[in-house]
1. Take Phe119 and tell me if it is closer than 26 Å to Ser216 by Cβ, at pLDDT 95 or above and touching a Pro at 6+ places or on another chain (Cβ under 9 Å).
2. Could you list, in sequence order, the residues of the stretch 51-110 that are of a type in the set (Lys, Arg) and not in a loop (DSSP other than H, G, I, E, B)?
3. Tell me whether the stretch 230-244 contains one or more residues that are loosely packed, with under 13 Cβ neighbours inside 10 Å, of a type in the set (Gly, Ala, Ser), in contact with a Lys or Arg (Cβ under 7 Å, 6 or more places away or on another chain) and on the phi < 0 side of the Ramachandran plot.
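The values are calculated or read from the model by the stated rules, or taken from the named source; none is laboratory data. The shown structure was predicted, so the numbers you read here are calculated from the model rather than taken from an experiment. Neighbour counts are summed over all protein chains in view; Cβ atoms, including those assigned to glycine, are modelled from backbone coordinates with ideal geometry.
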Amino acid sequence: MRQTLAKFLGFGLVLAVFGCQVEDEPAVEDGYNDPEPEGEGVAFDEENPGADLGMGKADLPLTYEVPQDLPELSRPEIVVSLEGLTVHLFDRETGFSEVYPTGVGKRGSSGKSYTPTGFYKTHGDTDSTWYFIPRRYSPSYFGGFPFLRLNIENSQGHNTYGLHGPITYSCPDGASDCDLLDRQWFLKRGFVSHGCMRMDHEDIVDLYYMVASHPSVPVSIQTEPEVDGFGQVVDVDMSPAVPAIGEALRYGECGERPDPYEIDGRWTSRKCL
C-alpha cells in the first residue's frame, strides 16, 4: 500500500445524533477547516435521497487519479474498531491485510460513540450510485473523494453512514475556504465525526477501488480494539494475522460470528445492544 501522507490531528468530543447537514461556512481552527458542525452531509442526504452526489459533474476537477496497481480481492471484509481508531480491510482467500487510521463518531453524554456498533455490509447492487459514490462533490467538503455507504439506518430511518475522506482541510493563507485543488486535506484521527468513518484521502481511494466491485461486503464495527489470531492489538503499520476461511471471529462485545462468506446473504445486519 502506498504510504499515507495525512497528518493525524488530535482527538475530539461531543455533539450530533444522526449518521455522518447542509453545507455552510466551515469552521477554522488551528489553521484548518472542519465542517463537522454542519453534520457531514446528514441533512443533505436525508433531504436528497438517491441524488446525484458526484457523477455527471463534468465541470468539477478530478481530485485524485484512479489507482491502477491495487491487489484484486476475492472475499473482502472490513472491521472497524472505535477505541482502536482503525479500519481493517482483509481477505481470507488472498491473504491481503491493510490497516488504516480513522476518525469515528463523537462520544455522547453516555460516553458511547455516535458510530453504531454491529454487523453491517455495503449494498448488494454495486451499480447503485447512491451507495457506491466514486467521487462525491456534494456537499463540497467531501472533496470529490469516494463515499462508501453502508446499510446502517440512522434514527430517522435513512442510510447516512459510510466511509469517506477526511473532510478537514487547510487553505492558502489561512482562508476559510478555497477551490478543491487548493485544499490540503488532513485526517483528524479521533472521536470527531457525526457517525461516519473518516479516512485519509489516499486510503479511502484505495479501499474504495478494492471493494466497490464486490456486493454486500461485510463490515463489522466494534467498540474494543481489534485483536488478531496471535493476540496482537491491530493497528496501523503492522501486519495482522489473517483468519482462515471458515473461521469464526469474536468482535468484542458484539460477540462471535461465523465467516460471513460461508452464510447465505453474508450475514443478517444488526446493531449490537
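1. Details: closer than 26 Å to Ser216 by Cβ: yes; at pLDDT 95 or above: yes; touching a Pro at 6+ places or on another chain (Cβ under 9 Å): yes.
The answer is yes for Phe119.
2. Correct list: Arg107 only.
3. At the first step, the residues of the stretch 230-244 found to be loosely packed, with under 13 Cβ neighbours inside 10 Å are 230-231, 237-239, 244.
Add one more test, that the residue is of a type in the set (Gly, Ala, Ser), and what stays is 231, 239, 244.
From what's left, in contact with a Lys or Arg (Cβ under 7 Å, 6 or more places away or on another chain): 244.
From what is left, the residues that are on the phi < 0 side of the Ramachandran plot are 244.
For the stretch 230-244, residues loosely packed, with under 13 Cβ neighbours inside 10 Å, of a type in the set (Gly, Ala, Ser), in contact with a Lys or Arg (Cβ under 7 Å, 6 or more places away or on another chain) and on the phi < 0 side of the Ramachandran plot: present.
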